[in-house]
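Asker: Quick one: the structure is below, questions incoming.
Read-outs throughout are calculated quantities, based only on the coordinates presented, and are distinct from any laboratory measurement. Since the structure is predicted, the reported quantities are computational estimates derived from the model, not experimental observations. All Cβ positions, glycine included, derive from the backbone under ideal geometry; neighbour counts span all protein chains shown.
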Amino acid sequence: MSEIAAELARVKGAFAQPTLTLLHQRQAPVVIAIFRTVFGRHNKPIPTARLHTQVDAHLEALRQQSLDQVGESDLPQGSGRELCQRWMRGQWLVRALDEAGQEVYALTSHAQQALELVKTLARDRATLSEHRIATILGTVRRFNADANPDRSTRVTILNTEIARLSAERDRLVDGAELVSATEDYMQEGYAELLSLVSALPSDFARVEERFAAIRSEILAAFRAEDRPPGAVIDDYLARADALMTSTHEGRAFEGAFALLRDDALVGQLRGDLNALLEHPLSDRILADADRAELRGTVKLIREGLDRALAQRSKVTATLKEYIVAHDGLRDRELEQTLRQVEAELMTWLAGTGPRASHEVPLLPARVGVDHLRERFHDPADDVLPEPIAIVDPAGAPDVSLADLMAQGGPHLGVLRERLDEMTAARPEGSLGELFDELEPALRRPVEIFGLLHLAADLEGQAEPAWESYRALRPDGSDREFRVPRLPLRPAEPLTDADESEARP
């Protein structure tokens with residue numbers, strides 16, 4: 001491939017990035033204006049319903065303005081919801097859940113980079129100035145002092161810088177003239193400082209998106225189950241370390257994190273920013289929006305770090321949930337099929353709209369099974385049994401009423417009468433004695449349970465002694481049962497006179 005062809009391929013790849021696709025489209029000015037108005041400079045997440053309403057309101061306001069006032073007649077068509085869905089497919093918006101579980105929109109790093117480029121081009125700045133040359137010289141000098149492998153060269157650079165700073169300090173202490181910065185120098189310095197600060201949100205957004213991509217890849221690896229879980233976790237730890245050390249976004253994140261851990265450095269940053277904002281020339285150079293942006297630099301860094309740390313916490317939570325809930329026995333064919341269906345569904349949803357539909361067959365075309373049932377359902381097994389034949393009453397055996405009653409339960413009515421009579425005649429007797437005096441028809445084994453049931457109303461307590469119940473079966477055989485002795489009447493408490501007589 002020739003040099004020009006390779007360069008063309010690289011340029012086409014750059015133009016295919018979402019940042020340039022946003023700027024290259026016909027309606028880019030309107031979309032950029034809506035993004036800048038709605039999200040502001042901090043890219044704070046906005047609830048989905050509120051963003052849909054705001055987009056509708058801004059487009060309606062632009063339609064009501066005349067072409068001479070706005071200068072734009074080609075406005076995006078569709079509702080706010082449809083436009084947000086379209087912008088999500090263009091990778092300019094991302095939808096996620098905030099800490100409260102509410103669905104919100106946020107600008108991607110590509111959209112923020114496009115907004116930053118437009119904001120930079122909208123500023124009035126000189127292409128070449130003394131401040132820019134001095135900044136380049138100072139940056140190159142510091143870079144060489146930190147990276148030069150020659151020890152003597154580093155020492156020479158440091159000695160030169162120390163001598164320059166010492167001479168400037170001595171000159172100011174001796175009362176020499178204080179050289180003030182020119183307005184052009186201050187304007188160029190403010191412009192470069194604003195450019196650096198405005199690039200921070202997109203840098204943090206890239207770190208968030210990288211962690212989100214890692215989370216999606218981890219979930220896909222867990223669903224695929226083609227690698228052991230330990231290998232997936234080790235891969236995540238290695239990639240997280242590489243993200244923090246081998247990428248520009250990761251190093252910026254680590255640097256910002258180190259800055260916020262150093263209270264002295266944060267205080268120095270605040271003091272330097274306040275001094276620059278209180279400079280006599282700042283009122284003529286900086287607009288109110290620029291002053292607010294510089295004043296909120298530390299807050300901007302903190303918010304970006306919080307969002308990046310929250311995204312990293314989601315990755316850690318995903319790993320924790322999988323490690324805690326994973327069961328090694330779930331490697332069955334049905335589980336694998338469901339995981340494949342879920343993965344294919346997520347892939348299909350990523351490239352379709354909210355109202356898209358797809359016909360899915362109830363069963364796959366071919367099913368591979370290792371074993372088939374050898375016996376299937378037979379409707380003949382569910383037929384009703386044969387109806388019971390009606391027996392001729394004349395052929396039925398003769399059964400008397402007495403025989404049926406002999407096989408029944410206790411005669412509670414007759415037993416109650418006998419119990420009342422004996423209780424009145426011999427209150428000192430027991431329930432076993434009453435049973436022995438009954439006629440043979442009332443001495444069946446089942447009558448014992450009837451007497452015990454009626455004796456529950458006597459409020460008596462069983463004694464430690466036992467007594468025998470000799471029962472007679474209807475066939476004439478007898479059987480003896482041992483039951484705790486139960487008096488017919490409970491013992492009456494002793495009076496005071498009885499207690500005095502009972503004393504020795």
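Asker: Going Cα to Cα from LYS119, which lysines come in below 20 Å? Please leave out same-chain ones fewer than 8 positions away.
Answerer: LYS44
Asker: Another question, then. Evaluate E = 1/(1 + (r/R0)^6) for PHE15 and LEU75, where r is the Cβ-Cβ distance and R0 equals 22 Å; express this FRET efficiency to the nearest 0.05.
Answerer: Calculated transfer efficiency: 0.35.
Asker: Compute the Cα gyration tensor for the stretch 3-122, then decide on rounded, prolate or oblate, letting a ≥ b ≥ c be the square roots of its eigenvalues: rounded whenever a/c is under 1.5, prolate when a/b is larger than b/c in the other cases, and oblate in all that remain.
Answerer: Oblate is the answer for the stretch 3-122, as a/c is 1.5 or above yet b/c matches or exceeds a/b.
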